[in-house]
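Asks: A single structure is presented below for examination.
Each reported figure results from applying straightforward, stated rules to the coordinates on display, with no laboratory input. The model shown is predicted, which means the values in this text are computed figures rather than measured ones. We place every Cβ from the backbone using ideal geometry, glycine too, and count neighbours over all the protein chains shown.
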Amino acid sequence: MSTKDHLMIFDTTLRDGEQSPGASMTRDEKIRIAKALERLRVDVIEAGFPIASPGDFEAVKAVAAAVKDSRVCGLARALDADIDRAGEALKGANAGRIHTFIATSPIHMEKKLRMSPDQVLAQAVHAVKRARQFTDDVEFSPEDAGRSEIDFLCRILEAVIAAGARTVNIPDTVGYNIPDQFGSLIATLRERVPNADQAIFSVHCHNDLGLAVANSLAAVRNGARQVECTINGLGERAGNAALEEIVMAVRTRADLFDCATRLDTTQIMTCSRLVSTITGFPVQPNKAVVGINAFAHESGIHQDGVLKNRETYEIMRAQDVGWTENRMVLGKHSGRNAFRARLLELGITLNSEEELNAAFARFKDLADKKHEIFDEDLQALVTDATLETANERVKLVSLRVCSETGETPHAQLVLTVDGVEQTGSASGGGPVDATFKAIESIVKSDAVLRLYSVNAITSGTDAQGEVTVRLEKGGRVVNGQGADTDIVIASAKAYLNACNTILHPAERAHPQIADV
Ligand code: KIV
Ligand code: ZN
């Protein structure tokens with residue numbers, strides 16, 4: 001039996017992570033990420049900011065309905081309307097949490113809120129009490145705590161705990177703190193707040209100085225028992241503390257921490273890939289834990305050492321975070337049951353038989369083109385199949401591209417728009433440019449292309465290319481994905497996937513542009 005405390009992992013990829021410019025997610029994408037986080041066994045999933053827009057409200061509500069094993073949290077400023085909206089969005093949750101916040105630093109109170117400390121304190125207490133009318137599980141954050149005065153922090157924390165906050169979260173909103181100083185801030189607050197033992201102390205660190213993970217770990221060493229973090233460190237500006245780094249640091253250096261998480265770390269890579277694909281934010285090769293080089297040994301001396309004894313140069317096992325060998329899992333003769341069983345082993349559950357059929361049909365197509373099908377191919381297939389069965393107005397029927405030395409590339413394609421076939425053609429600077437222009441000659445989305453990125457899913461020249469396209473129209477930013485062994489076709493699929501979102505008027509506004 002472990003005598004260690006439980007370190008709660010509060011994932012805010014769907015809320016703070018989404019505040020990265022361009023990382024906006026649709027409701028269905030949020031559900032897919034939330035399900036992956038649930039399999040990772042995070043304690044709390046912050047699903048969004050329900051007051052931000054009707055779409056954000058719907059997304060939090062949908063995540064609350066879809067997730068059973070993790071708590072689902074909605075963010076609310078310390079305002080009645082925000083709290084009521086969050087309470088409403090979380091009604092269907094198995095376990096719901098309202099996270100309410102107000103700024104406490106002198107600069108934020110004076111310049112942004114134009115409120116006195118006493119007014120801020122009274123509003124915080126009122127907000128916590130109101131949130132408690134919806135749920136017992138209320139979290140309070142003094143925004144910009146990292147630049148707030150300690151006496152005021154002690155006062156406001158004591159008051160909100162007395163009002164019913166079960167978790168008090170200390171955000172380093174602007175990433176200003178330094179590990180030993182942030183660690184002693186947590187220790188001091190726990191010592192000086194008289195009712196500190198009635199709440200869990202949490203931290204939420206931003207990465208402006210590259211210290212978000214170090215600050216969070218220093219806080220944990222000083223008694224914080226919840227860390228707020230995001231997959232791949234996604235988040236506002238330079239991002240938040242990276243979940244995978246926090247979790248693996250606490251596990252790898254268990255000798256230094258008197259607490260442990262309950263996560264299934266083998267799900268980390270699946271979550272990392274999913275978030276990267278959906279948001280179009282690539283993971284840098286040398287990123288700790290989830291970068292492609294994180295477990296690669298280049299130097300001969302290192303390789304020799306690892307072959308003799310893995311622990312000479314490795315402090316973690318790649319498989320413990322979900323890295324799998326590029327192994328052939330299925331071939332073209334594999335049946336539907338083997339396909340379904342392998343997806344289950346990978347922790348992938350499809351929402352309907354229709355999605356499974358679409359994914360299986362793609363698998364058969366791919367097996368004709370590509371001799372070896374790896375786990376990563378299966379993950380991409382499923383992404384593609386889920387996208388295809390989603391509410392699509394425009395579909396690709398066929399594409400023909402001519403690209404020749406000395407000639408201008410030209411694309412000709414057939415699409416169906418609301419079930420009606422249309423043809424289009426265009427020339428462009430390259431085959432992808434020509435394809436996008438041909439699509440636009442039919443779709444006329446009027447959107448601006450903000451990002452185009454291609455990643456090889458596995459190695460080898462027959463690997464599938466996974467393309468992300470980001471489009472912007474009228475301040476609304478959407479991402480689209482597509483995968484294929486032919487990268488021009490993958491590009492067309494990704495462009496159409498983004499178009500299908502942008503053509504959908506009911507979709508949500510990005511929280512950054514929402515008028516709150
Ligand atoms: O960075 C921050 O202060 C936040 C709060 C809402 C917790 O994201
Ligand atoms: Zn934040």
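Asks: Given the DSSP H assignment, sum -39500 (n - 2.57) over each helix run of at least 4 residues in the chain and divide by its residue total; what's the result at 222 nm in deg cm²/dmol, nearest 500?
Replies: Calculated at 222 nm, the ellipticity per residue is -12000 deg cm²/dmol.
Asks: Amide H neighbours of Gly482 under 5 Å, counting only residues 5+ apart in sequence or on other chains, H built in-plane at 1.01 Å?
Replies: Here the answer is Val467, Ala494, since their amide H atoms fall under 5 Å of that of Gly482.
Asks: What's the ranking of 105-111, 312-318 by average number of surrounding C-beta atoms within 10 Å, highest first?
Replies: Taking the mean over residues of other Cβ atoms within 10 Å, the ranking is 105-111, 312-318.
Asks: Still on this model: Between Gln198 and Ala254, what length in nm is gained on full extension when 0.36 nm per residue of separation is reduced by their alpha carbon distance?
Replies: That works out to 17.6 nm of additional length.
Asks: Over the range 107-225, what is the percentage of antiparallel beta bridges among all DSSP beta bridges, to the nearest 5?
Replies: Restricted to the range 107-225, the bridges split so that about 0 percent are antiparallel.
Asks: Helix 431-443 against the longest principal axis of the chain: what's the angle in degrees, Cα atoms only, rounded to the nearest 10?
Replies: Here the helix axis deviates by roughly 80 degrees.
Asks: Taking a 29 Å limit on the Cα-Cα distance, which of the listed pairs Lys4/Lys30; Lys30/Lys444; Lys35/Lys91; Lys91/Lys287; Lys35/Lys444; Lys61/Lys370 fall beyond it?
Replies: Check vs 29 Å cut-off fails for Lys4/Lys30; Lys91/Lys287; Lys35/Lys444; Lys61/Lys370.
Asks: Order by neighbour count: Phe10, Phe339, fewest other Cβ atoms within 10 Å first, most last.
Replies: Phe339, Phe10
Asks: Further, regarding this structure: Classify the chain as rounded, prolate or oblate, taking a ≥ b ≥ c as the square roots of the eigenvalues of its Cα gyration tensor: rounded when a/c is under 1.5, otherwise prolate if a/b is larger than b/c and oblate if not.
Replies: It comes out prolate by the Cα gyration axes.
Asks: Right, next: If you rank Ile457, Ile292, Ile231 by fewest surrounding Cβ atoms within 10 Å, what's the result?
Replies: Ile292, Ile457, Ile231
Asks: If you don't mind, another one. I'd like the distance separating the alpha-carbon centroids of the range 243-311 and the range 93-157, in whole Å.
Replies: Centre-to-centre (Cα) distance: 35 Å.
Asks: Continuing with the same structure: If you plug each phi of the range 99-111 into the Karplus form 6.51 cos²θ - 1.76 cosθ + 1.60 with θ = phi - 60°, what whole-Hz ³J(HN,Hα) values come out, in order, with x for Gly and Pro?
Replies: Residue by residue, the range 99-111 yields 10, 10, 9, 8, 6, 10, 7, x, 5, 5, 5, 6, 8 Hz.
Asks: Fewest first, what order do Val448, Val247, Val420 take by the number of other Cβ atoms within 10 Å?
Replies: Fewest-to-most ranking of Val448, Val247, Val420: Val420, Val448, Val247.
Asks: Roughly speaking, what is the stretch gain from Arg450 to Lys129, that is 0.36 nm per residue apart minus the C-alpha to C-alpha distance, in nm to one decimal?
Replies: Stretched out fully, the Arg450 to Lys129 stretch lengthens by 111.2 nm.
Asks: Now a separate question. Under a cut-off of 13 Å between alpha-carbon atoms, report the aspartates and glutamates in cross-link reach of Lys68, not counting same-chain residues fewer than 8 places apart.
Replies: Lys68 reaches Glu38, Asp43.
Asks: Shifting gears a bit: Can you list the HN-Hα couplings for the range 301-316, worked out from phi with the Karplus curve (6.51, -1.76, 1.60; θ = phi - 60°), rounded to whole Hz and with x for Gly and Pro?
Replies: My calculation for the range 301-316 gives 5, 5, 4, 4, x, 5, 5, 6, 7, 3, 6, 4, 10, 10, 9, 9 Hz in order.
Asks: Sequence-distant or interchain residues sharing an amide H contact under 5 Å with Met8, placed H: which?
Replies: Gln226, Val227
Asks: Stokes-Einstein at 25 °C, 0.890 mPa s, Kirkwood radius from Cα pairs: D for the range 5-279 in µm² s⁻¹?
Replies: Once the numbers are plugged in, D ends up at 135 µm²/s.
Asks: Here is a follow-up. What share of the DSSP beta bridges in the range 5-279 is antiparallel, in percent to the nearest 5?
Replies: About 5 percent, rounded to the nearest 5.
Asks: Arrange the peptides 202-210, 19-27, 148-156, 399-407 so that the one whose residues have, on average, the most other Cβ atoms within 10 Å appears first.
Replies: Ranking, from highest mean packing down: 202-210, 19-27, 148-156, 399-407.
Asks: Same structure again: Quick check on the range 336-386: what are the equivalent-ellipsoid semi-axes from the Cα gyration tensor, as sqrt(5λ), descending, whole Å?
Replies: Rounded to whole Å, the semi-axes are 16, 12, 10.
Asks: Starting from the Cα gyration tensor of the range 403-491, take the square roots of the eigenvalues, sort them a ≥ b ≥ c, and report rounded, prolate or oblate (rounded when a/c is under 1.5, otherwise prolate if a/b is larger than b/c, else oblate).
Replies: oblate
Asks: Rounded to the nearest 0.05, what FRET efficiency do Gln319 and Glu372 give with R0 = 25 Å and r taken as the Cβ-Cβ distance? Could you check?
Replies: Result of the calculation: an efficiency of 0.80.
Asks: Hey, what's the Cα Rg ratio for the range 106-151 versus the globular rule of thumb, 2.2 N^0.38 Å?
Replies: 1.27
Asks: Short version: ³J(HN,Hα) in whole Hz for each residue of the range 263-280, in order, from phi by Karplus 6.51 cos²θ - 1.76 cosθ + 1.60 (θ = phi - 60°), x for Gly and Pro, what are they?
Replies: 6, 8, 5, 5, 8, 4, 5, 4, 5, 4, 5, 4, 5, 5, 5, 5, 8, x
Asks: Can you tell me what share of the DSSP beta bridges in the chain is antiparallel? A percent to the nearest 5 is fine.
Replies: 50 percent
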